[in-house]
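Peer 1: Questions regarding the structure given below will be posed in turn.
What follows is calculated from the coordinates using simple rules that are stated; it is not laboratory data. As the structure is a computational prediction, the values presented were derived from the model and not from experiment. All Cβ positions, glycine included, derive from the backbone under ideal geometry; neighbour counts span all protein chains shown.
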């Protein structure tokens with residue numbers, strides 16, 4: 001795990017180096033933290049979102065990675081060093097299941113690198129108030145990622161895309177990317193509201209059917 005984020009490397013190259021440096025057997029959040037260091041938490045958040053950018057569910061990953069991104073957002077909101085519970089830091093995940101979706105998720109990073117430009121809409125990334133709003137958006141996106149809908153298509157993909165836009169926008173100080181991240185959070189909440197509303201309707205119809213059958 002010797003690769004370190006480099007100021008000379010592009011975001012895509014840095015994430016590729018991180019993926020190439022993954023151990024062959026299992027992976028822990030603690031190992032990733034050691035790799036990226038205190039100054040690379042947004043890069044770490046971007047890396048953790050990649051596994052959710054394809055509609056494939058890996059049991060338990062959204063909870064672990066979502067909790068890690070949540071703590072990154074909380075640490076930014078509070079202006080304190082990142083703290084993670086020991087159980088979360090040491091949770092082991094199989095690398096052979098993570099590597100393929102991580103590599104597939106790099107397609108999004110390549111696309112974003114082509115369209116993301118530093119300095120766009122600076123009002124959305126400058127100032128204490130906007131920094132707080134953006135950090136709270138990271139927290140919101142992580143909570144949405146942790147929602148127990150992983151078995152439903154796109155329930156992890158939508159918040160994953162939102163978090164990736166937010167992370168890259170904050171890294172590159174690109175207000176448009178940050179705005180897309182906020183819109184991604186809104187789209188995720190609308191999607192979840194439809195799922196919950198539809199589920200409630202189906203449950204009510206089922207109960208009415210059983211009552212008539214009885």
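Peer 1: Looking at the structure I just gave you, is residue 93 touching a strand residue (DSSP E or B) at 6+ places or on another chain (Cβ under 6 Å) and at negative phi?
Peer 2: yes
Peer 1: Looking only at segment 138-189, count how many residues are over 29 Å from residue 119 (Cβ atoms), part of a loop (DSSP other than H, G, I, E, B) and in contact (Cβ under 8 Å) with a residue 40 or more places away in the chain.
Peer 2: The number of residues fulfilling the criteria is 10.
Peer 1: Being within 25 Å of residue 183 (Cβ to Cβ), buried (at least 20 other Cβ atoms within 10 Å of the Cβ), in contact (Cβ under 8 Å) with a residue 12 or more places away in the chain and out of contact with any strand residue (DSSP E or B) (no Cβ under 7 Å at 6 or more places or on another chain) narrows it down to one residue among 104, 45, 75; which is it?
Peer 2: Only one candidate qualifies: 45.
Peer 1: Looking at 120, 110, 76, which is the one that is part of a loop (DSSP other than H, G, I, E, B) and touching a helix residue (DSSP H, G or I) at 6+ places or on another chain (Cβ under 6 Å)?
Peer 2: Selected residue: 120, the only one of 120, 110, 76 that is part of a loop (DSSP other than H, G, I, E, B) and touching a helix residue (DSSP H, G or I) at 6+ places or on another chain (Cβ under 6 Å).
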